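Data block below; observations after.
The values are calculated or read from the model by the stated rules, or taken from the named source; none is laboratory data. These figures come from a predicted structure and were not determined experimentally. Positions of Cβ are backbone-derived with ideal geometry, glycine not excepted, and every protein chain shown enters the neighbour counts.
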Amino acid sequence: MTSFSLTAAAAEPRLTVAQRSLQRLKTVPGLAPRYADHDKLLTLDDISGVPPLVKDDLNVALAHLEPKAADSATWLFQSGGSTGAPKVGYAPTGFYMQGVWDHWKALDRDDVFVNAWGAGRMWGAHFLAAAYADLAGCQVIALGSVTKDEYADWLSFFVTRRVTAIGGTPSVLRLWFANARAAGLTLPDLRKVLWLGEAWHAALDEDIAAVAPNAQRWGMFGSTETWVVGTNSPQCPADCFHTLPEQLVHVGDGDLLDFTTLNPEMLNPVLRYQTGDAGELVECPCGNGPVMRVLGRRDNVVQVRGLGLHVDDVLAQVEGEPGVSRAQVVITEQRGRASSVEVLLLTTAGFDADAPQRLRQELLSSTFTLSTAFLHDPQSFQVTATSALIANERTGKTAGFVVREQP
């Protein structure tokens, strides 16, 4: 099987968009030399020969290009859950959802849809889902985030309004369904659970079966840089996505996926862009052809409650503190969800005893992922001085990132 999601016959007539991205990237002083030997993108072989882009490269390009939509507003969104200043991606009003709607009918006009993706704070999922619901013509409850003591009232409201669909990251959805189970509530009219932003949690299947036995999952895969790359239906495995005709997916070295957008309205110059996900192209059990199977992350970005945390950036910030010889990020998970994050500091002489609390406040205020993920329970993020970091007992190695499982 080819390493591209589209055949040459399907992809090559659209490669004029990739050619435009190449020409735009060649105008960026910091990137032009890498593309000097690439002039024409006429075939899939031409695409595979182009050097891949990573997040920092795209940020350089966007800072120089400052894209503008042709005939609508230009929306800026935070990209990937950065730990420092927001790294932005651009999109026109509508967020490219017409192409998704043309190939994926997760909602219809009769649905009452709860949009539970967090709104604001420069993350695009809430607005993307709203644009999709607009195309479906359904009723929308644009809810966004809620506090812990609000779930029961909202769930009762969902029953009264006969909500048929809800969407959010799997971490957010787990909160909704877990709170419904705890309150003894069921959602008899709920038929659809839409998700985007992180991998599906297997524990959700059990929760959904208890709260809304008629509901089925409908998934999207993408990023702020690529926007929606593919979708799946209830008949597809949760890690498999049918790619859109306007998205060219390539499996490169180390099974790393890279994405080339063939949508002429795309503002980000997405040309062999690597998000850090690994994958493969396989046949889908649903019978509707090949799919992109996502195998997981292969970079230093880890998922914390549906947001990407750049571990190396956190470590660099705290290891610059006087008296800190090394640091480690420890994520404690319960049933697949991050319940807490702790930054351990291996200290030496001259370390300020007040530094952990100060660093904690600095990280919360400067780190998009931490401030958003722990908005309602900030005590679940801590910075702690220690005399020893967590090490692998067999090898003696000490990783910068550790995941602990709790029952």
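Structure above, values below:
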{"item": "The range 201-219: number of residues that are crowded, with 19+ Cβ neighbours inside 10 Å and either aromatic (Phe, Trp, Tyr) or within 19 Å of ASN232 (Cα to Cα) (or both)", "result": "7"}
{"item": "Qualifying residue in the range 330-345 (condition: free of Cβ contacts under 8 Å to residues at least 24 places away in the same chain and either in a strand (DSSP E or B) or basic (Lys, Arg) (or both))", "result": "no"}
{"item": "The range 331-377, residues that are among the basic types (Lys, Arg), at pLDDT 90 or above and under 30 Å from PRO170 (Cβ atoms)", "result": "ARG360"}
{"item": "Single match in ALA373, ALA388, ALA338, ALA316 (criterion: more than 27 Å from PHE77 (Cβ to Cβ) and not polar (S, T, N, Q))", "result": "ALA388"}
{"item": "Residues of the range 278-312 classified as assigned to a loop (DSSP other than H, G, I, E, B) and farther than 24 Å from GLN78 by Cβ, total", "result": "6"}
{"item": "Residue satisfying condition, being surrounded by fewer than 22 Cβ atoms within 10 Å (Cβ to Cβ), aliphatic (A, V, I, L, M) and either in a helix (DSSP H, G or I) or at pLDDT below 95 (or both), within set ALA129, ALA70", "result": "ALA70"}
{"item": "Total residues in the range 140-194, condition among the β-branched types (Val, Ile, Thr), closer than 22 Å to VAL304 by Cβ and assigned to a loop (DSSP other than H, G, I, E, B)", "result": "3"}
{"item": "Hits in the range 33-55 - residues which are among the small types (Gly, Ala, Ser) and surrounded by 13 or more Cβ atoms within 10 Å (Cβ to Cβ)", "result": "SER48"}
{"item": "Yes/no for TRP123 being hydrophobic (A, V, I, L, M, F, W, C), in a loop (DSSP other than H, G, I, E, B) and within 18 Å of LEU375 (Cα to Cα)", "result": "yes"}
{"item": "Residue count, the range 389-407 (criterion: part of a loop (DSSP other than H, G, I, E, B) and at pLDDT 85 or above)", "result": "2"}
{"item": "Filter pass, GLY230 being on the phi > 0 side of the Ramachandran plot, assigned to a strand (DSSP E or B) and touching a strand residue (DSSP E or B) at 6+ places or on another chain (Cβ under 7 Å)", "result": "no"}
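Results for (1) part of a strand (DSSP E or B); (2) of a type in the set (A, V, I, L, M, F, W, C); (3) within 17 Å of GLY197 (Cβ to Cβ); (4) at pLDDT 95 or above, shown as yes or no for each residue.
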| residue | (1), (2), (3), (4) |
| --- | --- |
| LEU248 | yes, yes, no, yes |
| THR260 | yes, no, no, yes |
| PRO269 | no, no, no, yes |
| GLY276 | yes, no, yes, no |
| VAL314 | no, yes, no, no |
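To keep it simple, each residue is scored yes or no on (1) within 19 Å of the chain's Cα centre (by Cα); (2) surrounded by 16 or more Cβ atoms within 10 Å (Cβ to Cβ); (3) among the hydroxyl-bearing types (Ser, Thr, Tyr).
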position: VAL324; (1), (2), (3): no, yes, no
position: VAL329; (1), (2), (3): no, yes, no
position: GLN334; (1), (2), (3): no, no, no
position: SER339; (1), (2), (3): yes, no, yes
position: ALA353; (1), (2), (3): no, no, no
position: ARG358; (1), (2), (3): no, no, no
position: GLU362; (1), (2), (3): no, no, no
position: SER365; (1), (2), (3): no, no, yes
position: LEU370; (1), (2), (3): yes, yes, no
